[in-house]
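Novice: Handing you a structure now.
The values are calculated or read from the model by the stated rules, or taken from the named source; none is laboratory data. What you see is a predicted model; the values in this text were computed from it and never measured. Cβ: placed from backbone, ideal geometry, glycine included. Neighbour counts: every protein chain shown. These accessible areas exclude ligands, DNA and RNA; they are computed on the full protein's heavy atoms, side chains included. Shrake-Rupley method; radii C 1.70, N 1.55, O 1.52, S 1.80 Å.
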Amino acid sequence: MENKIEELQKIIDDSSKIVFFGGAGVSTESGIPDFRSQDGLYSQQWKYPPETIISRSFFDSDPKEFYRFYREKLIIKGVQPNAAHYKLAELEKAGKLLAVVTQNIDGLHQAAGSQKIYELHGSTLRNFCMECGAPYDIDFIANSAGSPDTLPRCTKCGGLVKPDVVLYEEGLDDNVINGAVQAIAAADTLIIGGTSLVVYPAAGLINYFNGNKIVLINKSETAADSKADLVIHDSIGKVFGAIKVN
């Protein structure tokens, strides 16, 4: 492992246009459960399968059950960024990191200080009225359980307030996708971390990389291991915590 950390350090030292592509594994060390691990949302008992509940058709047909699940499982309070989040922000500040492309919706990259972030699947921190577009924060959704119909209703027009999160059956935002593709295509190093690379179309974005080095950091093997110049099967927080920004 020590040799691999040294190799990663050299790759980072020699790079000036790094892009980080991350998934749920980046946030699990902050206490946010992922969807596919043994302790993830997919392994827990619920009235409906999680992938059904967080689909657009379910949202439209049974919003009360959607928000009951959403408030309990997807709004995680009191979590803080971990070593990986902070190191990425430090790399960006040093002028070595072009952007973070994330599949996560928790806002921890922003909390750590990162500026250029492409949130492929949106964010729980942003919420908008579906009728008038009025913005609301995460607490508004969290506290809506106490409303008469347990739904987050706009205080201006009474419309339903929807999280700015990409649900199953919804398309990704074109501007976000285009920005992420351009960043990845311009990178000299692509670091992929904390993702199983099984969620599409997000996972397919790494195919736009034309640079020098691909680094893959994930606890388990992925289908892209064979494409990487360096593969580290370990905790991403642990790995990034050992890196120095020069």
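Novice: Filter the trypsin sites (Lys or Arg not before Pro) in segment 56-91 to those in DSSP coil with at most 12 other Cβ atoms within 10 Å of their Cβ, and list the result.
Specialist: For trypsin sites (Lys or Arg not before Pro) across segment 56-91 that sit outside H, G, I, E and B with at most 12 neighbouring Cβ atoms in 10 Å, the list reads K77.
Novice: Here's something else I'd like to know. How much accessible area per residue does the chain have, counting only protein heavy atoms and a probe of 1.4 Å, in square angstrom?
Specialist: Per-residue value: 47 Å².
Novice: Put a dot 7 Å past each Cα toward the Cβ at K64 and T150; how far apart are the dots in nm?
Specialist: About 0.6 nm separates the two model spin labels.
Novice: Rounded, prolate or oblate for the chain? Axes are the square roots of the Cα gyration tensor eigenvalues, ordered a ≥ b ≥ c, and the cut-off for rounded is a/c under 1.5.
Specialist: Taking the square roots of the gyration eigenvalues as a ≥ b ≥ c, the chain is prolate.
Novice: Need one number for segment 50-101: average projected area of the convex hull over its C-alpha atoms, nm².
Specialist: That works out to 5.3 nm².
Novice: I'd like the distance separating the alpha-carbon centroids of segment 83-114 and segment 190-207, in whole Å.
Specialist: 17
Novice: Which values of log₁₀ I(q)/I(0), to two decimal places, follow from the Debye formula for segment 73-135 at q = 0.11, 0.13, 0.30 Å⁻¹ with a uniform point scatterer at every Cα?
Specialist: Reported log10 I(q)/I(0), two decimals: -0.30, -0.40, -1.29.
Novice: How large, in percent, is the carbon and sulfur part of the accessible surface of the chain at a probe radius of 1.4 Å?
Specialist: 48
Novice: With label points built 7 Å along Cα→Cβ from the Cα atoms of L172 and S226, find their separation and express it in nm.
Specialist: According to this spin-label approximation, the distance is 2.3 nm.
Novice: I would also like to ask the following. Straight-line reach only, C-alpha to C-alpha below 24 angstrom: list the lysines that K213 could link to, leaving out same-chain residues fewer than 8 apart.
Specialist: By straight Cα distance, K213 reaches K4, K10, K17, K87, K93, K96, K116, K227, K238, K244.
Novice: Quick check: the angle from helix 2-13's long axis to the longest principal axis of the chain, C-alpha only, nearest 10 degrees?
Specialist: Its long axis makes an angle of about 80 degrees.
Novice: Starting from the amide H of Y118, placed 1.01 Å from N in the peptide plane, find each other amide H under 5 Å away whose residue is 5 or more places distant or on another chain.
Specialist: Distant-sequence amide H within range of Y118: V100, V101, T102.
Novice: Further question on the same structure: Would you tell me the accessible area of T150, worked out with a 1.4 angstrom probe on the heavy atoms of the protein chains, in Å² to the nearest 10?
Specialist: Counting only protein heavy atoms, T150 exposes about 50 Å² to solvent.
Novice: Please find the FRET efficiency linking Q182 to K93, where r is the Cβ-Cβ separation and R0 is fixed at 22 Å, and quote it to the nearest 0.05.
Specialist: 0.55
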